[in-house]
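One structure is given below, encoded as structure tokens.
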Amino acid sequence: MLPTIEEIGKMRKNLGISQKELARTCGVSQSYIARMEKGSINPTYDKIRKIYDYLSVFSKKAESFDLIASKIMSKSVITCHLNDPIISALNTMREKGYSQLPVVNGENKIMGTITEADVNEILLKGTPIESLKNLSVRKVMGPSLPQMPMNTPVSVIYPILRFSNAVLVMDGGELKGIISKADILKAVELYGERPL
């Protein structure tokens, strides 16, 4: 029995696959995938089967990947400092297109993570936007992203990304890289056969 369209949409997002990528692979338009996930069209059984099969095979391939973290990580990690103003961190996230930044102290030790969600939460609690200029990152940051050694297999990292936006790759306490769902997707395409 096939999952519901809503479950397929969640599956796609959890795997870090864009609507465009899914559409290209399954031979439909991006707007078709978007309309399907919104429930504005009723796709055929064959289309649903093809989409679900692709997502299932991709998931299995990612989970069984034998590459290690150092092979697929993004080496340029943008961080912010504990004492940076929140506005500065938000501007960096906006410029780079990130939703979170690792937070470091003076010795470049990982201290936590600041996310757009953290900032939105304090605004929803009634903090005026103007006061963000005077608040430092340390006041709103959350826990650190999960940290893994450079030789960690991707098959170990992949399940963690279902619950975390990214994983930090460490070597002797030093930050060496970061892995997101997008990095896993690129790696599967680059090093493995395409699922369909």
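The values are calculated or read from the model by the stated rules, or taken from the named source; none is laboratory data. What you are looking at is a predicted structure, and each value in this text was computed from that prediction instead of being measured. For neighbour counting, all protein chains shown are included, and Cβ atoms are generated from backbone atoms with ideal geometry for every residue, glycine included.
Here are some notes:
- Hits in segment 22-53 (condition: modelled with pLDDT of 85 or more and within 17 Å of LYS186 (Cβ to Cβ)): LEU22, ARG24
- Residue match in segment 86-102 (condition: of a type outside the set (Ser, Thr, Tyr) and in contact with a Lys or Arg (Cβ under 8 Å, 6 or more places away or on another chain)): yes
- Of everything listed in (1) hydrophobic (A, V, I, L, M, F, W, C); (2) under 30 Å from GLU7 (Cβ atoms); (3) free of Cβ contacts under 8 Å to residues at least 40 places away in the same chain, the single unmet condition for LEU101 is (2).
- Given (1) within 18 Å of SER180 (Cβ to Cβ); (2) at pLDDT 90 or above, number of the condition GLY97 does not satisfy: (2)
Residues are listed down the side, and each one gets a yes or a no for (1) aromatic (Phe, Trp, Tyr); (2) surrounded by 17 or more Cβ atoms within 10 Å (Cβ to Cβ); (3) over 19 Å from THR152 (Cα atoms); (4) out of contact with any helix residue (DSSP H, G or I) (no Cβ under 7 Å at 6 or more places or on another chain):
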| residue | (1), (2), (3), (4) |
| --- | --- |
| ILE72 | no, yes, no, no |
| LYS75 | no, no, no, yes |
| CYS80 | no, yes, yes, no |
| ILE86 | no, yes, yes, no |
| ASN91 | no, no, yes, yes |
| ARG94 | no, no, yes, yes |
| VAL103 | no, yes, yes, no |
| GLU107 | no, no, yes, yes |
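- Residue list for segment 145-181, filter: touching a residue at least 40 places away in the same chain (Cβ under 8 Å), surrounded by 14 or more Cβ atoms within 10 Å (Cβ to Cβ) and of a type in the set (Gly, Ala, Ser): SER155, ALA166, GLY177, SER180
- Flag if GLU21 is over 16 Å from the mean Cα position of the chain (by Cα), in contact (Cβ under 8 Å) with a residue 12 or more places away in the chain, assigned to a helix (DSSP H, G or I) and surrounded by 12 or more Cβ atoms within 10 Å (Cβ to Cβ): no
- When ALA117, ALA187, ALA182 are checked against the criterion of being touching a Phe, Trp or Tyr at 6+ places or on another chain (Cβ under 8 Å) and either assigned to a helix (DSSP H, G or I) or not small (Gly, Ala, Ser) (or both), a single residue qualifies: ALA187.
- Residue match in segment 130-142 (condition: farther than 30 Å from VAL156 by Cβ, of a type in the set (Val, Ile, Thr), at pLDDT 85 or above and not in a helix (DSSP H, G or I)): yes
- The residue that is nearest to ASN165 (Cα to Cα), among those in segment 1-28 that are in contact with a helix residue (DSSP H, G or I) (Cβ under 6 Å, 6 or more places away or on another chain) and small (Gly, Ala, Ser), is GLY16.
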